[in-house]
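Readers should treat all values here as calculations from the given coordinates under stated rules, not as data from a laboratory. Predicted model, so just to flag it, every value in this text is computed and none were measured. Note that we place each Cβ from the backbone using ideal geometry, even for glycine, and neighbour counts take in every protein chain shown.
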Amino acid sequence: MLPITANAFDRMWIECEEDYLATVRRVGRSGWYILGPEVAEFEKRLATYCESAAAVGCASGLDAIEIALRVANVAPGDKVLTSPLSAFASTLAIIRTGARPIFCDVDSHGLLDPEAAKVEFERHPDICAILPVHLYGHLADMEVLSSLAASHGVPLIEDAAQAIGATRHGIRVGQFACASCISFYPTKNLGVLGDGGALLLSSASLVEACQAIRNYGQSSRYVHDVQGLNSRLDELHAATLTSVFLPRLEYWLSRRREIAASYLDGLDHPLVTLLPGPDPAGAAWHLFPVMVPPERRVQFMDHLQRKGVQSGLHYPFLMSDQKAFVSLFGEHESDRLMVARRFAESEVSLPIHPYLTDAEVEHVINSVNSWNE
Ligand SMILES: *Cc1c(COP(=O)(O)O)cnc(C)c1O
């Protein structure tokens, strides 16, 4: 049974190998490897699955965010409100558009706090876009954030890299945002054997602009109206998403939700605080975060490791503290990011991939509960 790891690609491969190899043969034989029928077909299926007006594939989640910001007319020098508690890519995408991140504190779920966002708009009335991160697979409060965005006349773009398939009290990814950014990095809930990403769009009118940017800014053959990227989703990855991975997503999500429910029910330790999120039944449960006292965190993780349970940190450093960004903007007033900082110091992620067996889930629960602090 041991060790229990954060991901189990070997188990996924055993289940998917036949379908995957058949798909490789199909694409190989087609003789078309970049921006062909497989990408178009997958985009159609992804948009249908997510109930979006359209989807556009690209090379990564990072690129999806950059493309979304650019088609939302975020320009160099503009301010973009975002969460400091995220993967590096959220903030890096803002920087790559030439814009400047304005970091806003998170709420008790680790999600962009709408009340703190209102305060940031008072301090920076010239904020040009809002980029919430649906961390851990929980949706930020998109209803309140979208009315805030509307009242300031700025676009709302979601970093949904961890949240495909998530809902929050019936509200789903993409419902309130002009663009939602998805990643197909292997560890994500819907991954490929490599890199990939996509934008979900609320309006088909943005499709051509996204398609141009992902392909060097080319609007028609040899005609370039903007300086784009090389950010194409490969035909092979698109085909495997259509034929191998997307058809399994609902089952994977339901297994993640089942494991989360078992953890929420079974974990019971005075020093371990559970984070059920705003809607545990609707969340995509990309990660299962808990909080422990900061001074005990190393000891807790060592204990889990001795029990054969791998744990992780999401994320130990705030974006506002990263050298790459501090060198651009200087130190951020840290008292504004108190809750985010508490997450950075206290959070520990337990394994929650869909191939965990019931016995393994039980073992994780027992290992946490038997922590002898
Ligand atoms: C993974 C991730 C990204 C970046 O996706 P890539 O495909 O690795 O570029 C962005 N934001 C969040 C929250 C992520 O988890």
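Contact order for the chain, expressed relative to its length and based on alpha carbon pairs under 8 Å spaced 6+ residues apart, stands at 22 percent.
Distant-in-sequence amide contacts of ARG100, defined by a placed amide H-H separation under 5 Å and a gap of 5 or more residues or a different chain, comprise GLY77, ASP78, LYS79, VAL80.
Farthest toward the positive end of the dipole of the chain, out of GLY137, LEU246, ALA166, is the Cα of LEU246, where the dipole comes from beta carbon charges about the Cα centre. Highest GNM mean-square fluctuation, the chain, Cα pairs closer than 10 Å: which of ILE94, ILE171, ILE259? Among ILE94, ILE171, ILE259, the largest GNM mean-square fluctuation belongs to ILE171. Ellipsoid semi-axes for the chain, based on the Cα gyration tensor and the rule √(5λ), read 32, 28, 17 Å when sorted largest first. Highest GNM mean-square fluctuation among GLU208, GLU18, GLU345, for the chain modelled with Cα contacts below 10 Å: GLU18. Where both partners of a DSSP beta bridge lie in the chain, what percent of those bridges are antiparallel, to the nearest 5? The antiparallel proportion sits near 65 percent. For the stretch 359-368, backbone phi angles converted through the Karplus equation (6.51, -1.76, 1.60; θ = phi - 60°) give residue-by-residue couplings of 5, 5, 4, 4, 5, 4, 4, 5, 5, 5 Hz, Gly and Pro being listed as x. Dipole magnitude for the chain: computed about the Cα centre from +1 point charges on Lys and Arg Cβ and -1 point charges on Asp and Glu Cβ, it is near 720 debye. For THR187 and GLU115, the FRET efficiency from 1/(1 + (r/R0)^6), where r spans their Cβ atoms and R0 equals 25 Å, is about 0.20.
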